[in-house]
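The values are calculated or read from the model by the stated rules, or taken from the named source; none is laboratory data. Computed from a predicted model, the values in this text were never measured in an experiment. Every residue, glycine among them, receives a Cβ derived from its backbone with ideal geometry; neighbour counts consider all protein chains shown. Note: accessible area is taken over every heavy atom of the protein model, side chains too, but ligands, DNA and RNA are not part of it. Shrake-Rupley method; radii C 1.70, N 1.55, O 1.52, S 1.80 Å.
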Amino acid sequence: MSVAQIQPPLIMTSTIRDRINSFDWPTIHTSLHASGWARTGEVLTHEECRAVRDLYTDEARFRSKVVMARHRFGLGEYKYFGSPLPELVVELRESLYAHLAAVANEWAGQLDLKTHYPATHREFIRQCHARGQKRPTPLLLRYESGGYNCLHQDLYGEVYFPLQTVFLLDEPVRDFEGGEFVLVEQRPRAQSSAQVIAPRQGEGVIFTTRWRPVRGTRGHYRVNIKHGVSTVTRGLRHTLGIVYHDAE
């Protein structure tokens, strides 16, 4: 399938922006503050999920491919989009960032960090580029039966945004089984706790890139969080990862 054939289903950017603006953002923000993650509800249509998923075989769209087993990251593979990014990816990145910057700045203030996140994603990307982080980081991930992703964090340089989003592109049960999204929180001097999330097709999960602030008796402190994917027991699972910072 050619790029010209794929592009039309991806150009519904104003619709996507409207969908994102219509989210219950106060509830999402409350969930992020309380647990470091939140579900968006279904954002992408079945047709949009299929169109993005089908890009995986178009090598011209990507700047690099990672086979997880070679690096002991897990079992599966992923590809980083090259420039220019697909319009749908740009719209998701910019529209979501606009609603998440306030949370990022509140977290930075609670931890007394000398960091300010600008109101628009384009301004933030200019900050990344000024620090030498110029490679785009949105990616497509693919897991076959038996595939999984080890717990990790997505940091690509000195500048990073404290939240990111992943969208499920396949339909659970029909297309695959297993493959739940996993978050593990590591609190100081306490046992780690796990959250297992099973999003619907087209739904996004917003989660912390590295840590979230938690209020203690002496103010706020950082709680480290890693994410991964449990074993896919049947079928094929694809996700779209929206990382807001660029890489070195």
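Things to note:
- As a rough guide to protection, the peptides 206-212, 183-189 ranked by mean Cβ packing within 10 Å, highest first, stand as 206-212, 183-189.
- When the alpha carbon gyration tensor of region 74-161 is reduced to an equivalent ellipsoid, its three semi-axes come out at 26, 17, 13 angstrom, largest first.
- Distance from the alpha carbon centroid of region 35-54 to that of region 212-243 works out to 17 angstrom.
- Solvent-accessible area assigned to carbon and sulfur over the chain amounts to 50 percent, based on a 1.4 Å probe.
- Cα-derived Rg over Rh, computed across region 167-248 with Rh taken as Kirkwood radius: 1.06
- Structure-derived Rg and Dmax of the Cα atoms in Å - corresponding label in (i) 17.2, 48; (ii) 17.5, 58; (iii) 19.0, 60: (ii)
- Low-density loop positions, trypsin sites (Lys or Arg not before Pro), region 55-139 - DSSP coil, at most 10 other Cβ in 10 Å: Arg72, Lys114
- Amide H within-cut-off set for Thr137, under 5 Å, with H built and near neighbours excluded: Ala247
- Relative contact order, whole percent, for region 181-230 stands at 45, derived from Cα pairs under 8 Å and 6 or more residues apart.
- For the chain, the per residue solvent-accessible surface stands at 47 Å², with DNA, RNA and ligands left out and a 1.4 Å probe.
- Kyte-Doolittle mean at least -1.0 and Cα axial length at least 27 Å: DSSP H helices in the chain: 87-110
- Region 195-236 residues near the modelled Val184 label - backbone nitrogen below 14 Å, point 7 Å along Cα→Cβ: 195-196, 224-231
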